[in-house]
1. When residues of region 174-199 are filtered for being touching a residue at least 12 places away in the same chain (Cβ under 8 Å) and surrounded by fewer than 16 Cβ atoms within 10 Å (Cβ to Cβ), how many remain?
2. Looking only at region 249-268, count every residue that is open to solvent by less than 60 Å² (accessible area, probe 1.4 Å) and in contact with a helix residue (DSSP H, G or I) (Cβ under 6 Å, 6 or more places away or on another chain) and tell me the total.
3. Restricting to region 230-248, give me the number of residues that are farther than 23 Å from Gly132 by Cα and surrounded by 15 or more Cβ atoms within 10 Å (Cβ to Cβ).
4. Taking Arg116 and the conditions (1) assigned to a helix (DSSP H, G or I); (2) farther than 30 Å from Asn169 by Cβ, which numbered condition does it fall short on, given that it satisfies the others?
5. I'd like to know if region 216-227 contains one or more residues that are assigned to a loop (DSSP other than H, G, I, E, B), under 17 Å from the mean Cα position of the chain (by Cα) and surrounded by 17 or more Cβ atoms within 10 Å (Cβ to Cβ).
6. Answer with yes or no whether Asp45 is acidic (Asp, Glu), touching a His at 6+ places or on another chain (Cβ under 6 Å) and closer than 18 Å to Trp247 by Cα.
7. Count, please, the residues in region 38-58 that happen to be within 16 Å of Met234 (Cα to Cα) and either in contact with a strand residue (DSSP E or B) (Cβ under 8 Å, 6 or more places away or on another chain) or in a helix (DSSP H, G or I) (or both).
8. When region 51-70 is examined, which residues are found to be open to solvent by 50 Å² or more (accessible area, probe 1.4 Å) and either under 26 Å from the mean Cα position of the chain (by Cα) or in contact (Cβ under 8 Å) with a residue 24 or more places away in the chain (or both)?
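The values are calculated or read from the model by the stated rules, or taken from the named source; none is laboratory data. In this text the structure is predicted, and so the values were computed from the model without any measurement. Here Cβ is always computed from backbone atoms with ideal geometry, including for glycine, and neighbour counts include all displayed protein chains. Remember, those area values only see protein heavy atoms, side chains included, never the ligands or the DNA or RNA. Shrake-Rupley method; radii C 1.70, N 1.55, O 1.52, S 1.80 Å.
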Amino acid sequence: MSTARARLRRWLVFAPAAGLALIVVMAVFAPWLAPHDPAAQSLSDRLLPPVFDGGTWKYPLGTDELGRDLLSRIIHGARVSIVVGLLAVLVRMVAGVAIGLAAGYFGGPLRTAVLRLGDVQMALPSLILALGIIAAIGPGFTNVVVVLGITGWILYTRLVVSQVLLIRNLDYVNGARLLGAGHARILFRHVLPNIAPSVIVYASLDVGMMMYMEASLSFIGLGVQPPTPSWGSMTSAGQALLATQWWISTSPGAALLITLVLVNVVGEQIRDRLDPRLKRY
């Protein structure tokens, strides 16, 4: 029984990581894996059903209202979703960690000002704030990444500040200070390595949220713009035909749902491995 449980546990760990790795590989090699050009239109092939609903293997997941191959668009849409999610997390992580290190280590008025500014930003939901900024500066790939990045820096800053407040007066930090180490050396040699696991754990769980927000913005037309395929805009394009041509919205929506589940499960596994308080013996 113990052997069976061990095998099941290993499978539960391996399967989500393997599934997510497969999606990442699909996104990286999208130009070679996609069977058709995702932007190529063929009005004679419009609204074809998927192969399991009477369609043909030429278009395994069917076509949309312009005759574009849904499988190819979903594969290319994976690239957009993953890249936006990773870049947005990178922007907010770098900004939040840098500000949090300074505010937590030096404290005083700097920490008070940073946290109060963060409180003002957190008074508005992130998605509403992102909508307002993008409506002002315009949609697009770069704008989405920047806006999603700057609307979430405070989450990392608050995490880093709380960690730095616990670490900055520990014996090894005081010892480095007594030996003449400068502030930069203490921060990047002694403080940052000790808070890195917590930041990595939070970032791994944050990628899924960024992918969801990108899809939400694209769904209402404020995200990545056509002809670039995005799971959010593809889902939105087919909602008027949902009763008859259900696959146009369902296929990209299912791809997004599966990817978000896998990202969150893998993020939880990373948390279990990096956070010693959650280790199970």
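1. Final tally of qualifying residues: 3.
2. 13
3. Residues flagged as farther than 23 Å from Gly132 by Cα and surrounded by 15 or more Cβ atoms within 10 Å (Cβ to Cβ) within region 230-248 amount to 6.
4. Among (1) assigned to a helix (DSSP H, G or I); (2) farther than 30 Å from Asn169 by Cβ, the lone unmet condition for Arg116 is (2).
5. yes
6. No.
7. Matching residues across region 38-58 total 5.
8. Once the filter is applied, which keeps residues that are open to solvent by 50 Å² or more (accessible area, probe 1.4 Å) and either under 26 Å from the mean Cα position of the chain (by Cα) or in contact (Cβ under 8 Å) with a residue 24 or more places away in the chain (or both), region 51-70 yields Asp53, Leu66.
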